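Just below is one structure, and these are the notes that go with it.
The values are calculated or read from the model by the stated rules, or taken from the named source; none is laboratory data. Because the structure is a prediction, the values reported are computed rather than measured. Cβ atoms come from the backbone with ideal geometry, glycine included; neighbour counts cover every protein chain shown. Please note that ligands, DNA and RNA were not included when accessible areas were found on the heavy atoms of the full protein model with its side chains. Shrake-Rupley method; radii C 1.70, N 1.55, O 1.52, S 1.80 Å.
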Amino acid sequence: FIFVTPGFHRIHHHFRQPHTDSNYGNIFSFWDYIFQTKKDFKNSKNIKYGVDTHMKKEEISSVINLLRIPFQPYRSPQK
């Protein structure tokens, strides 16, 4: 309840919303309980990580490309 574990925070890195809008904490988990952003994910082995606008491996395999993402024009999420 107090400290964040990797298992608690990993859902935040799911590639699709609303999962990315949960379990923000990286040290203290009580903030997610207070602000009601805590979510449970039944089977954490099925979590797919990433950003839903950049799912192609060639786009996310380069650090330079990752650093450019915030400066690119808006893209609609992929389904």
> What size of dipole, in debye to the nearest 20, comes out for the chain about its Cα centre when the only charges are +1 on Lys and Arg C-beta atoms and -1 on Asp and Glu C-beta atoms?
Replying inline: 280 debye
>> Need the full-extension length gain, R16 to F71, defined as separation in residues times 0.36 nm minus the C-alpha distance. One decimal, nm.
In response: 17.8 nm
> Amide H to amide H, which residues 5 or more places from F28 or on other chains are under 5 Å from it, using H placed in the peptide plane?
Replying inline: V4
> Taking a probe of 1.4 Å, how large is the accessible area per residue of the chain, in Å²?
Replying inline: 80 Å²
> Principal axis lengths of segment 1-77 from Cα atoms, whole Å, largest first?
Replying inline: 38, 25, 22
> How much length, in nm to one decimal, is gained on full extension between F30 and K57, taken as 0.36 nm per residue of separation minus their Cα-Cα distance?
Replying inline: 6.2 nm
